[in-house]
Amino acid sequence: MVDCVALPDHLSPSQLDGKIAVVIDILRATTTIVEMLTHGASCVVPVASVDGARIIAQDRPDALLCGERSGTPPEGFHCGNSPLEYTPDRVAGKACVISTTNGTRALHMCDHAHRVLIGSITNIQGLCAVLADDARDVALVCSGTDGQVSLEDCIGAGLIIEQLGYSATDNAALLMHAARGAIERFGGVRYAIESSFHAKRLIDLGFGDDIAFASQPDTRSMVPEFDPAIGEIHPV
């Protein structure tokens with residue numbers, strides 16, 4: 001069975017019990033985490049607050065301080081939240097300490113699930129293979145944007161539900177059909193995502209290439225997993 005919530009705040013206390021949570025923040029945290037590990041980061045450390053990220057990065061001499069608030073890097077951060085920043089020469093062998101407005105918060109809200117995986121459009125096939133191998137029920141958790149539902153996260157969730165082929169709760173079925181309708185209406189995944197409020201804001205900030213990159217299905221085989229006990233994300 002696959003279930004889905006459009007915002008992490010919609011989770012009920014028991015909704016993740018014994019399940020695999022998949023956190024989705026297409027623009028851009030989960031897409032960026034996939035890139036960090038694909039290109040050789042030793043681990044990713046998700047932190048809810050900017051100050052918390054600064055403190056953790058100070059204790060790790062090999063760390064890159066990464067993330068955003070309102071789309072751009074906070075003062076003193078080495079890198080932002082663009083997946084295109086995380087090339088092998090920048091991240092290989094380094095710990096990426098990341099704090100973002102929505103995605104890292106959602107990850108920590110799922111820390112009582114049986115497992116916590118990171119989902120994006122770029123890693124759908126690999127993600128679904130891991131989920132199928134485990135065979136537990138799945139709860140997809142869309143991160144949203146500033147407490148509001150994000151079209152791009154719902155599209156990502158819908159594509160995962162469609163690929164996974166599990167029986168779906170009504171919430172999951174609604175998201176899957178809504179995602180398919182948006183993709184058909186706008187003529188493709190990228191164009192549907194570009195129509196979202198968050199995408200338009202990022203385009204205005206000069207991050208249009210990020211939207212194009214994050215909209216490409218199955219360009220990565222990497223499936224990251226968050227271990228709340230140690231506070232780190234590693235490849236499955």
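Taking the mean number of other Cβ atoms within 10 Å as a proxy for protection, how do you rank 84-94, 138-148, 60-70 from highest to lowest?
138-148, 60-70, 84-94
Can you give me the Kirkwood hydrodynamic radius for the chain, using every pair of distinct Cα atoms, in Å to one decimal? Display every interim value, and only then the final one.
Numbers: mean 1/r = 0.0580 Å⁻¹.
After inverting the pairwise mean of 1/r, the radius is 17.2 Å.
Return the calculated 222 nm mean residue ellipticity for the chain, to the nearest 500 deg cm²/dmol, obtained by summing -39500 (n - 2.57) across DSSP H runs with n ≥ 4 and dividing by the residue count.
-11500 deg cm²/dmol
Normalised by the number of residues in the chain, what is the relative contact order in percent for Cα pairs under 8 Å and 6+ residues apart?
32 percent
List the residues whose amide H sits under 5 Å from the amide H of GLU232, counting only those 5 or more places along or on another chain, with H placed 1.01 Å from N in the peptide plane.
ASP227
Can you find, among PRO73, VAL130, GLN148, the residue sitting farthest towards the positive end of the charge dipole of segment 38-162, where Lys and Arg contribute +1 and Asp and Glu -1 at Cβ?
So the residue furthest toward the plus end is PRO73.
Using a 10 Å cut-off around each Cβ, can you sort CYS110, CYS96 from fewest to most neighbouring Cβ atoms? Write down the numbers at each step before the final one.
Working: CYS110 23, CYS96 29.
Ranking CYS110, CYS96 by Cβ neighbours within 10 Å, fewest first, gives CYS110, CYS96.
May I ask for the angle, rounded to the nearest 10°, between helix 151-164 and the longest principal axis of the chain, with both axes built from Cα atoms and the value confined to 0 to 90°?
60 degrees
P(r) for segment 130-236: what percent of alpha-carbon pairs falls in each 5 Å bin, starting at zero?
It works out to 2, 11, 18, 21, 20, 16, 9, 2, 0, in whole percents.
If you take the charge dipole of the chain about its Cα centre, with +1 on Lys and Arg Cβ and -1 on Asp and Glu Cβ, which of ILE20, THR169, TYR86 is farthest toward its positive end?
So the residue furthest toward the plus end is TYR86.
For segment 220-236, what does the Karplus curve 6.51 cos²θ - 1.76 cosθ + 1.60, with θ = phi - 60°, yield as ³J(HN,Hα) per residue in whole Hz, taken in order and with x for Gly and Pro?
Computed from phi, the couplings for segment 220-236 are 10, 9, 5, 10, x, 10, 8, 10, x, 5, 10, x, 10, 10, 9, x, 4 Hz.
With +1 on each Lys and Arg Cβ and -1 on each Asp and Glu Cβ, and nothing else charged, work out how big the dipole of segment 2-235 is about its Cα centre, in Debye to the nearest 20. Let's see the in-between values first.
Working: 16 positive and 30 negative charges, 43 e Å.
That gives a dipole near 200 debye.
Grab the other residues whose beta carbon is less than 15 angstrom from that of ASP218, score K and R as +1, D and E as -1, and report the net. Walk me through the intermediate numbers first.
Details: positive: ARG190, ARG220; negative: GLU35, GLU162.
After counting each charged neighbour, the total is 0.
Take SER42, SER99, SER215, SER167 and order them by how many other Cβ atoms sit within 10 Å, fewest up front.
Sorted ascending by nearby Cβ count, the order is SER167, SER42, SER215, SER99.
Go through segment 183-191 residue by residue and turn each phi into a ³J(HN,Hα) via Karplus (6.51, -1.76, 1.60, θ = phi - 60°); whole Hz please, and just put x for glycine and proline.
Once rounded to whole Hz, the list reads 4, 5, 5, 8, x, x, 4, 4, 5.
Using the Karplus curve 6.51 cos²θ - 1.76 cosθ + 1.60 with θ = phi - 60°, what ³J(HN,Hα) values do you get for each residue of segment 35-52, in whole Hz, with x for Gly and Pro?
5, 4, 6, 4, 9, x, 4, 5, 5, 10, 10, x, 10, 5, 10, 5, 5, x
Could you sort 9-22, 201-214 so that the peptide with the highest average Cβ count within 10 Å comes first and the rest follow in order?
My ranking of the peptides, most packed first, is 201-214, 9-22.
Could you give P(r) for segment 38-175, binned at 10 Å from zero, as whole percent values over all Cα-Cα pairs?
Going out from 0 Å in 10 Å bins, segment 38-175 shows 11, 36, 35, 15, 2 percent.
Read-outs throughout are calculated quantities, based only on the coordinates presented, and are distinct from any laboratory measurement. These figures come from a predicted structure and were not determined experimentally. Note that each Cβ is placed from the backbone with ideal geometry, even for glycine, and that neighbours are counted across all protein chains shown.
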